[in-house]
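In what follows, a structure is listed as structure tokens, so that the remarks can point back to it.
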Amino acid sequence: MSHSVTSVLSQIRTLQTQMGQSAVSPLTEAPKSNAIQGLVSPQDVQGPSFTDTLRGAIAGVNEAQQKSGALAKAFELGEPGADLAKVMVASQQSQIAFRATVEVRNRLVQAYQDVMNMPL
């Protein structure tokens, strides 16, 4: 097995020298990325902000409620594509999404109140 590792390392060194790069010695430490070193600055990580995430979640809840209302209206009007099962499933999905949103709001309000009541 040692022979195969040495063979692979020599092939890597050969390819690196052909590409004009210096070969990395197995005894020297390879350069670490910022993530490994734990030196990631906030500017390097660009994820969605809390506001964007919250807006997206509320938009999803709104969309589910609009879809549920449209299916219920279509069922009431007797349109052929709207059956009772679809209406009930859409209604339950929108209800669950709304309850989850209200629960998140309640938790945020509770966290805010806890922070505001902390002694200085």
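Of the conditions (1) open to solvent by less than 90 Å² (accessible area, probe 1.4 Å); (2) part of a loop (DSSP other than H, G, I, E, B), VAL87 fails just one. Which one is it? Unmet for VAL87, out of (1) open to solvent by less than 90 Å² (accessible area, probe 1.4 Å); (2) part of a loop (DSSP other than H, G, I, E, B): (2).
Against the criterion of being at pLDDT 75 or above and of a type in the set (Lys, Arg), LYS32 does not qualify. Screening ALA74 against (1) under 34 Å from the mean Cα position of the chain (by Cα); (2) hydrophobic (A, V, I, L, M, F, W, C); (3) modelled with pLDDT of 85 or more leaves a single unmet condition, (1). Scanning segment 54-84 for residues that are of a type in the set (A, V, I, L, M, F, W, C), assigned to a helix (DSSP H, G or I) and surrounded by 12 or more Cβ atoms within 10 Å (Cβ to Cβ) gives LEU54, ALA57, ILE58, VAL61, ALA64, ALA70, LEU71, ALA72, ALA74, PHE75.
The values are calculated or read from the model by the stated rules, or taken from the named source; none is laboratory data. Note that the coordinates shown come from a computational prediction; the quantities given were computed from them, not determined experimentally. A quick note on method: Cβ atoms are made from the backbone with ideal geometry, for glycine too, and the neighbour counts reach across all protein chains shown. Side chains included, ligands, DNA and RNA excluded: accessible areas come from the protein's heavy atoms. Shrake-Rupley method; radii C 1.70, N 1.55, O 1.52, S 1.80 Å.
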